[in-house]
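Where a number appears in this text, it was derived from the coordinates with a stated rule and is not lab data. Note that the structure is a prediction, hence the values are computed from the model and not measured. As a convention, Cβ positions derive from the backbone with ideal geometry for all residues, glycine included, and neighbour counts pool all protein chains shown.
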Amino acid sequence: MITRKEFTFQIILHLLVFLFYSFDRRDPRIDFPETVFFLSYAVASGIIAYYLMPNFLYKKKPLKFFGSVLIIIVALILLEELVLEKIFYPGTRRANVFPGVYYALFDIVPILAILSGFKFGWDALQKQKQIDELKSTVQESELQFLRSQINPHFLFNNLNNLYSYALENSTKTPEIILEMSGVLRYMLYECKEKFVPLKKEMEQLGNFIKLYKLQIEERGDVQFKAQQTTSGYKIAPLILIVFIENAFKHSQSGQSSNIEIDIEVTQQGNQLQFMCTNNFEPIAGLDSIAKGIGLENVKKRLQLLYPNKHQLLIEEKSNQFTVSLSMELEKS
């Protein structure tokens, strides 16, 4: 069904085309016969645009479409030569001469092409708009799916650690539970938006590191350097946390001491620089650290949220794993 916006567009288009069609420097007046001729073209183009295109052209039936258009052009020629010419120009040479194909090519066809062509262009724009909306919906669904994987991943890793502390009746168990609840609260309730304030994310980053430092105890050294961030910028939530979680998880999995983790975050204008380095002991039979589920997840999120606005470098060599991320922040 034609919308009001499209109807207005078509009216304006038809008026403009009619003005060009009827304009004559020698006699700028618009006479009645020209109006009737143009109305016949408008009706014909309406049939092409609103019946033939949807039923034949868009359904990939080109032979039926172009055959029908040819029939309409022939019908217009016959209408003009056998009816309209004799009504408006009786007894004149114009009413008795049948110009045929020549007249159709240089008078009827251009008008039909313009009027129906703009309908084709309008439909193409609407179709592209639908495609863009669909892409946006699919992208948002994919992002929601990727973000939904973070909470189970976080819970799985931390509940295992919490279980071991509970078995040992560690005095740090209540503190770990408290820190976990704070991080989970942020993940579940404050990360629903596509982007969150950078300062808020950095605050939770510190809480997250504090939670994992409790689990390392005296088995190593964790350094966290964060430059004071500038207000007015936003970042996708839980992007950096995945890299830090990965560093703690794999540093602890193969070694019980001498754990070294260095984390540094700096900001220059709208550019955020993140660096995370950790040592690890390789374990036979386990996949490479760089192929973890969490890292694959965050790579996809970066591609969706920061296309051509980030650079991610991951290196694994000499029992050391390094993540370097540069990203262009969004303004609040």
Dimensionless Rg/Rh of region 149-331 - Kirkwood Rh, Rg from C-alpha atoms
0.95
Give the lysines whose C-alpha is closer than 17 Å to that of residue 135, dropping any in the same chain fewer than 8 places away, or say none.
127, 194, 300
Around residue 177: net Lys/Arg minus Asp/Glu count, Cβ-Cβ under 14 Å
+1
Once R0 is set to 30 Å, what does the formula 1/(1 + (r/R0)^6) return for the Cβ-Cβ distance between residue 185 and residue 330, expressed as a FRET efficiency to the nearest 0.05?
0.80
Straight-line reach from residue 59: which aspartates and glutamates have a Cα under 18 Å away, not including same-chain ones fewer than 8 places off?
123
Can you tell me the FRET efficiency between residue 34 and residue 113 if r is taken as the Cβ-Cβ distance and R0 is 22 Å, rounded to the nearest 0.05?
0.70
Using a 10 Å cut-off around each Cβ, can you sort 163, 306 from fewest to most neighbouring Cβ atoms?
163, 306
How would you order 63-74, 226-237 from highest to lowest mean count of nearby Cβ atoms within 10 Å?
226-237, 63-74
Distribution of pairwise C-alpha distances over region 151-253, 5 Å bins, in %
2, 11, 23, 24, 20, 11, 6, 2, 1, 0
Between residue 314 and residue 129, what is the label-to-label distance in nm when each label sits 7 Å out along the Cα-to-Cβ direction?
4.1 nm
